[in-house]
Amino acid sequence: MADYKRWTREQMAQRVARDIPEGAVVNLGIGLPTLVANHLPAEREVMLHSENGIIGMGPAPAEGAEDYDLINAGKQPVTLLPGGCFFHHADSFAMMRGGHLDICVLGAFQVSAGGDLANWHTSAPDAIPAVGGAMDLAIGAKRTLVMMEHCTKAGESKIVPRCSYPLTALGCVSRVYTDLAVIDLGPQGATVVEMCEGLDFAQLEALTAVPLRLA
Amino acid sequence: MIDKICPSAAAALADVADGATVMVGGFGTAGLPNELTDALLAQGARDLTIVNNNAGNGDTGLAALLAAGRVRKIICSFPRQADSHHFDRLYRAGKIELELVPQGNLAERIRAAGAGIGGFFTPTGYGTELAKGKETREIGGRMYVLESPIHADFALIKAERGDRWGNLTYRMTARNFGPVMAMAARITVASVHEVVELGALDPENVVTPGIFVQRVVRIDRAPTRCAGF
């Protein structure tokens, strides 16, 4: 078995950033996807949307300049870039549902080979369900991308034939970025686009619960 | 003379009845009208149905209303937060009913009520637990779920500036649910940090027209951690 080198979280974010083109309007989900913003090259103009009513969201403010009337979906203080603007919640979600966002990047518990997404609830007996904007984002953006670890801590594949966790949306994910590979999903099944250094196709197949093919 | 300015939050909320549905603006802590929820707590109405994106943070504002046992049901998208302990306790004890709604459906159901729409088909939630039992329809090759409007007796919202006709402007992301909640309630109470003369708000930049607002209360700006504002 060849030795392979998993991608770090920052490398995953860097890889997602490569797929975000000049001019795109993008929503980055809470958690891992937030890191993508740090890897968008300065010369590439990308508009960031935040579901609580911002387009043209900028980076975190300097310490001491935080304003708690200007926060992102994760409730962290942010800034507004020149040209950015504010709008109310119904307009913000019309932007998603209406197909005006080019890309959203979300985290996930599981995705299926066909692009079903489960990322809002584990159904654990004591868990309090909370959905936020996940379902609207997943079905709304022109492209929904997922960033997640390839396997659970117990070593189980998070790419599955059928999601066992409650669904967020059906057939919405077009590409998943894991610490091992970049994989396209959809009606044709899972197609491997890229693998981390040193990993071979047979190894990836062994770590993935669905049939794979090479692009 | 039309004058929607109320002398106090208590006066603006004196007629909230037991069993009322009350919308509360805010996302996280931005735009939460804490002085209005405090006044509602003092007023004493119970068996309330609350509509808010979250289910209270910490021990103040909306969380205090929950902690006092005044809320029978909450309609929201994201109850679980690091500091939602009062909701968590009530929910686990079966003492509060939760209607969990995807955030965009929540905003649109509120907007629909304000716009006189009897229901709408949305793709959000199709095929998920949150659409269970709801009517679905294929439209143009895509599947949609029928969602109904959410009306309220009162909306409590936080704005920035207002005038005696009820015209409002907001401040940055504190706007969030305010404009749609103002449309959906029979009586909308807006807190503002500044009451201005009629005509002082640029008519091109009024965000909520006064027709959607019944009462305006001036509240001093709470000191914040940010840039002395």
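Checked against (1) within 14 Å of another protein chain (Cβ to nearest Cβ); (2) at negative phi; (3) surrounded by 16 or more Cβ atoms within 10 Å (Cβ to Cβ), B:Met172 passes all but condition (2). Any residue in the range A:120-129 that is facing another protein chain (nearest Cβ under 10 Å), buried (at least 19 other Cβ atoms within 10 Å of the Cβ) and either touching a Phe, Trp or Tyr at 6+ places or on another chain (Cβ under 8 Å) or at positive phi (or both)? Checked the range A:120-129: at least one residue is facing another protein chain (nearest Cβ under 10 Å), buried (at least 19 other Cβ atoms within 10 Å of the Cβ) and either touching a Phe, Trp or Tyr at 6+ places or on another chain (Cβ under 8 Å) or at positive phi (or both).
Please work out which residue is nearest to the chain's Cα centre (by Cα), limiting yourself to the range A:166-215 and to residues that are loosely packed, with under 14 Cβ neighbours inside 10 Å and in contact (Cβ under 8 Å) with a residue 40 or more places away in the chain. Looking at residues that are loosely packed, with under 14 Cβ neighbours inside 10 Å and in contact (Cβ under 8 Å) with a residue 40 or more places away in the chain, I get A:Glu194. From the set of residues in the range A:30-71 that are within 13 Å of another protein chain (Cβ to nearest Cβ) and of a type in the set (Ser, Thr, Tyr), which is farthest from the chain's Cα centre (by Cα)? Selected residue: A:Tyr68. Exactly one residue among A:Gly74, A:Gly31, A:Gly64 is at pLDDT below 95 and under 30 Å from A:Phe201 (Cβ atoms), and that residue is A:Gly31. Restricting to the range B:61-95, and then to whatever is within 14 Å of chain A (Cβ to nearest Cβ) and of a type in the set (Val, Ile, Thr), can you tell me which residue is surrounded by the fewest Cβ atoms within 10 Å (Cβ to Cβ)? Within the range B:61-95, the match that is surrounded by the fewest Cβ atoms within 10 Å (Cβ to Cβ) is B:Ile75. The selection criterion, being within 30 Å of B:Glu97 (Cβ to Cβ), in contact with an Asp or Glu (Cβ under 8 Å, 6 or more places away or on another chain) and among the small types (Gly, Ala, Ser), holds for A:Ala169. For B:Asp153, the conditions (1) within 8 Å of chain A (Cβ to nearest Cβ); (2) in contact with a Ser or Thr (Cβ under 7 Å, 6 or more places away or on another chain) are fulfilled apart from (1). Restricting the range B:31-59 to residues that are surrounded by fewer than 24 Cβ atoms within 10 Å (Cβ to Cβ) and within 14 Å of chain A (Cβ to nearest Cβ) leaves a set whose member that is nearest to B:Asn176 (Cα to Cα) is B:Asn34.
Looking at the range A:76-165, the strands (runs of 3 or more DSSP E) lying wholly inside it that each contain 3 or more residues that are closer than 24 Å to B:Pro123 by Cα and in contact (Cβ under 8 Å) with a residue 60 or more places away in the chain sit at A:103-106. Listed by first and then second residue, the pairs with beta-carbon distance under 6 Å, at least 6 apart or on different chains, first residue in the range B:97-125 and free of Cβ contacts under 8 Å to residues at least 60 places away in the same chain and among the small types (Gly, Ala, Ser), second buried (at least 22 other Cβ atoms within 10 Å of the Cβ) and part of a loop (DSSP other than H, G, I, E, B), are B:Gly104/B:Thr124; B:Gly125/B:Pro102. Residue check: B:Arg89 meets all listed conditions (1) assigned to a helix (DSSP H, G or I); (2) out of contact with any helix residue (DSSP H, G or I) (no Cβ under 6 Å at 6 or more places or on another chain); (3) under 22 Å from A:Pro166 (Cβ atoms) but one, namely (3).
The values are calculated or read from the model by the stated rules, or taken from the named source; none is laboratory data. Here the structure is a predicted model, which is why all the values come from computation and not from measurement. Glycine also receives a Cβ, built like all others from the backbone with ideal geometry; neighbour counts cover every protein chain displayed.
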